[in-house]
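The values are calculated or read from the model by the stated rules, or taken from the named source; none is laboratory data. It should be emphasised that the depicted structure is a prediction, and the values quoted were computed from it without experimental measurement. Here the Cβ positions follow ideal geometry from the backbone for every residue, glycine too, while neighbour counts run over all protein chains shown. Heavy atoms of the whole protein, side chains included, go into the accessibility calculation; ligands, DNA and RNA do not. Shrake-Rupley method; radii C 1.70, N 1.55, O 1.52, S 1.80 Å.
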Amino acid sequence: MSGSVVIVGIGPGDEALITPEVSAALAAATDILGYIPYIARIAPREGLALHASDNRQEIDRAGHALSLAAAGRQVVVVSSGDPGVFAMAAAVFEALERAPELHGLDIRVLPGVTAMLAAAARAGAPLGCDFCAINLSDNLKPWPLVETRLRLAAQADFAMALYNPRSASRPHQFARALEVLREVCSGPRLVIFARAVTTPNERIETVALADARPDMADMRTVVLVGNSTTRRVGRHIYSSRRTG
Ligand code: SAH
């Protein structure tokens with residue numbers, strides 16, 4: 001039988017948010033590859049090889065997935081959330097670009113519930129207006145570009161989802177991101193810190209931009225920044241579909 005690579009998103013944490021087609025792909029796999037904590041979420045079974053690797057080894061993992069599939073295995077690559085959002089789908093295609101002899105392989109991407117949508121649903125509808133998603137990590141792009149994108153998105157009055165806001169190796173950049181937002185946003189803005197959404201450790205905290213502190217975010221947090229229309233209604237937060 002010929003091999004395949006299926007790149008799947010296993011959602012933000014709760015099993016109920018894994019789609020049926022992703023569950024079916026996991027059940028049919030001979031090999032599942034992914035970052036160590038995501039592989040820990042997969043139940044072992046007879047005939048299934050689990051390949052856990054470190055976070056920084058995405059391209060190696062992608063290349064490994066392609067070569068296993070070329071050898072006839074049914075390979076699944078897992079990402080948290082959605083595999084196309086700052087995750088493994090792009091890494092697999094990057095590895096494929098370097099391997100023209102594998103361009104005919106059967107490769108599919110199955111969507112998942114990305115962190116910003118799970119977080120937004122918890123809060124209400126803070127992404128109900130035009131919004132954008134920005135990865136604050138500068139591992140793969142220069143920090144000045146991150147600042148430019150933040151500044152222009154704030155000027156254009158987008159709501160925003162900020163992924164990878166802060167890590168131990170980059171403690172100062174989220175503080176700088178908050179400064180940029182305060183410089184550009186003239187009126188009040190709501191900021192939602194959504195941590196470990198849909199897991200037992202979930203914590204959702206909403207503050208005014210003026211009161212947002214860098215230590216409110218870590219690598220398990222997605223930060224939603226409202227636009228000028230984002231407001232509270234009862235216990236909920238929503239952004240208007242109309243301007244102003
Ligand atoms: N592919 C993933 C994102 C990977 S980048 C997705 O679609 O969700 C990793 C970042 O995602 C984290 O730093 C955090 O900002 C966010 N994230 C992932 N899972 C999360 C969760 N359960 N709660 C809050 N943020 C989460």
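So here's what we get for this one:
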quantity: Cβ pairs under 6 Å, 6+ apart, first in the range 112-138 and within 24 Å of Leu26 (Cβ to Cβ), second within 14 Å of the ligand (Cβ to nearest atom) and of a type in the set (Asp, Glu); calculated: Gly112/Asp82; Thr114/Asp82
quantity: Elements of type strands (runs of 3 or more DSSP E) in the range 41-135, at least 3 residues being open to solvent by less than 20 Å² (accessible area, probe 1.4 Å) and modelled with pLDDT of 95 or more; calculated: 74-79
quantity: Selection from the range 136-164 of residues that are modelled with pLDDT of 95 or more and among the small types (Gly, Ala, Ser); calculated: Ala153, Ala154, Ala156, Ala159, Ala161
quantity: In the range 79-114, the residues that are within 10 Å of the ligand (Cβ to nearest atom) and touching a Leu at 6+ places or on another chain (Cβ under 8 Å); calculated: Pro83, Gly112, Val113
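Let's see how each residue does on (1) touching a Lys or Arg at 6+ places or on another chain (Cβ under 7 Å); (2) crowded, with 17+ Cβ neighbours inside 10 Å:
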residue: Gln155; (1), (2): no, no
residue: Gly187; (1), (2): no, no
residue: Phe193; (1), (2): no, yes
residue: Val197; (1), (2): yes, yes
residue: Asp215; (1), (2): no, no
residue: Gly226; (1), (2): yes, yes
residue: Arg231; (1), (2): no, no
residue: Arg241; (1), (2): no, no
